[in-house]
Every structure is written in structure tokens, then in C-alpha cells.
Amino acid sequence: MVIQCAIIFGCLALGELVVWLTGIKLPSSIIGMLILTLLLQLKAVKLRQVEGMANFLVKNFGFFFVPAAVSLMLYFDIIKAQWLPIVVASAVSTVIVIVVTGWIHQLTRKYL
Amino acid sequence: MEYLSNPYFMLALTFAVYAISQLLQSRLHFSFLNPILISAIMIIAYLKFTDVSIECYNDGGKYIEFWLKPAIVALGVPLYKQLSAIKKQLLPLLLSELAGCVVGIVSVVLVARLLGATQDVVMSLAAKSVTTPIAMEVTKSVGGIPPLTAAVVVCVGIFGGMTGFRVMKMTHIGNPVAQGLSLGTAAHAVGTSRAMDVSDTHGAFASLGLTINGLFTALLTPTVLSLLD
């Protein structure tokens, strides 16, 4: 478990380092994820050296969002003032993204 | 009653409330009983009722939120497992992601403007489909309100996770790869956790959708927004 944490946090720390060195406008966590994928692909890290911890984190992803969802209560006044455009635009756009992404993917995998 | 805001009590409360929410969802099979949403509602109700501030809650809550970043890194594992499948269909993946990203930004901006949202709110919505850290970064760079983005992102994720499979059923998106990809693209990590519930393939392509859309959104939002003005 310690090795697993060392690898995952190591990738995250490398991600932080990349952000700090380059000033790139991407989150360190996404860069860390790409680094972990790369290390696995290069066989520098073996799957069994991270799999247990990674599965635990991925399976419980939703739980880690709860505090951010609770912070919603701080913005009740802005949301109250403009709830209609915020809610309708977000909901409509989310449905559009799901449909467009799915359709284009199904079409292109069939014809390309 | 200072104990009501003890950080360890807040942690225990969050675990307990989430466990109850999961139980509720698995017993009742209602997709709107999203565990994140139900937990947040119960905790907000608790904070209002006991008059404990959100800052006090976050003394405990920050230790939970802390795990979001390592959890995103851990998505590298399902991504790695699907690498060969990804290589086989690189072009369809990139094209559908590009379309999803641009359509997502354009549609949310146009609808919000049409309904009379102020400019700062419109800018805060542009990056609503992608994971919180990227979305807040983008909002900062285009002149929106980052905390509002964080709130909207969570809601979009929950909404996408709740309605995603129903929408895809109605629109005949049945391929597991397309389903996972759509969920991750539209509803970031919350959609991905919903996809993980269904199968590993769904989960892997959802994390791929989350990643590529995150990258595209970070790179393209300023340009797309300037074209809309």
C-alpha cells in the first residue's frame, strides 16, 4: 500500500513540478494521470504496483466530491438571482454534449 | 455545543451520510437519488440547522477533497488498460471529442445569453463540462467567477450522471465506448464514476472523455468565446 501511494503521489508531484516549471494552464492531476499511464505503458511501473490503491480511489470517486457540493451553499445568492439561465443553459448544453459526442463517435467509428 | 463543529465529527458525519445515500440509491433504484447530491443536501441541512459555518465544515471536509487529485491520477490505470483500444480508433475519438467540446461551450453560452445571464455568469459557465480544477482555471482566464464555476461543474456532473443513460437510450447511443465517452465528456468525474458502475470499458472511455475534453476545453475556450462575441 505504501508503494502504491508513493507511485500515485509521485505522479501527482511530477504533475505539480511540470506546472511549476512550465506555467502550463492544465491541472497537475491531469498531467499526473498522463504520467502514470505513460509509466505503465513503458513498464517502468507494473500494474500490480498501483492497481489496488487506484481501484480504491476510482471506485470512491463520487465521495471525494461531497465537500465541493456542500460549498454550493456559499453561492446561493448568485444562483438565486440568475438561476433560470444557469440551470437551463447548463442542462440543455449537457444533454447536447452527450448526444453530439455519442452520435459523432458512433458515426465515425462506422465510416472511418 | 462546540462539538457540533469538531472536524473529526464532520468527517464521520460525511462518511455516514454518504453510506446512507448509497444504501438509499441501491435499495430504491431512483437515478435522481445521486449519493453526492443527497449527501450534500443532508450536510447543508445539518449546517443550517446547527448554525455551523461552511468554514468549520471544511476543516474536516478538506481531508476528503484532498483525495480528488490522487483519484484523478489513479484514472491513469483504467486509461492504460484501454490504450490498445484507443489506438485503434484514435480518429473517431478525437473528432467526437472536438465536436463535444466546441458544441458544449457554444450551446451553454448562447442559451445563457438568450435567457439574460450577465457577462460574468456567462463566462463562468463556458467550461462547465470539465473537471473542477480545469474549469476554474479556464474561468479565471476568461473573466468569470471561479467559485460559481465550481458549483455549476458539480451540478452539471450530477445532472449528467443522473440523466446520461436515459438520454443515450432515447437517442440510440448504445455502443459502450460511445456511452462512456459521452458521459466523461459531458459530466467529467461524476459521469466517470457513474460509468465505472456499469463496466470497466465504460469507465475507461469516460476517463478518456474527461481527459481529452479537459485538454481541449483548456486550449480552445478563449478562442471559441472570442468568436462568439
Rg in Å to one decimal, and Dmax rounded to a whole Å, for segment B:81-146 via C-alpha atoms: 14.9, 46
MRE, 222 nm, helices only [DSSP H, n ≥ 4, -39500 (n - 2.57), over the protein assembly as shown, to nearest 500]: -26500 deg cm²/dmol
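Among B:His172, B:His202, A:His105, B:His29, which comes first, then next, by fewest other beta-carbon atoms within 10 Å? Each step should come with its number before you reach the end.
On the way: B:His172 11, B:His202 24, A:His105 29, B:His29 7.
Placing the least packed residue first, the sequence is B:His29, B:His172, B:His202, A:His105.
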P(r) of segment A:1-109 over all Cα-Cα pairs, binned every 5 Å from zero, in whole percent: 2, 9, 11, 13, 13, 16, 16, 12, 6, 2, 0
B:Gly144 long-range amide H proximity, modeled H, under 5 Å: none
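Counting other C-beta atoms within 10 Å, which of A:Trp20, A:Trp103, B:Trp67 has the fewest, and how do the rest follow?
Working: A:Trp20 10, A:Trp103 19, B:Trp67 16.
Placing the least packed residue first, the sequence is A:Trp20, B:Trp67, A:Trp103.
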Kirkwood Rh and Cα Rg combined as Rg/Rh, chain B: 0.99
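For B:Tyr46, B:Tyr57, A:Tyr111, which order do you get if you count the other beta carbons within 10 Å of each Cβ and list the fewest first? Present the calculation step by step, with values, prior to reporting the outcome.
Values: B:Tyr46 16, B:Tyr57 23, A:Tyr111 7.
Fewest to most other Cβ atoms nearby, the residues stand as A:Tyr111, B:Tyr46, B:Tyr57.
When averaged across all projection directions, what area in nm² does the alpha-carbon convex hull of segment B:23-158 cover? Walk me through the numbers before you get to the answer.
On the way: hull surface 46.5 nm².
The Cα convex hull of segment B:23-158, projected and averaged over all directions, gives 11.6 nm².
Which whole-number value in Å³ per residue fits the convex hull of the alpha carbons of the protein assembly as shown? Please list the in-between numbers first.
Details: hull volume 46.7 nm³, N = 341.
Each residue corresponds to 137 Å³ of Cα convex hull volume.
Where a number appears in this text, it was derived from the coordinates with a stated rule and is not lab data. Predicted model, so just to flag it, every value in this text is computed and none were measured. Neighbour counts run over all protein chains shown; Cβ positions are idealised from the backbone, glycine included.
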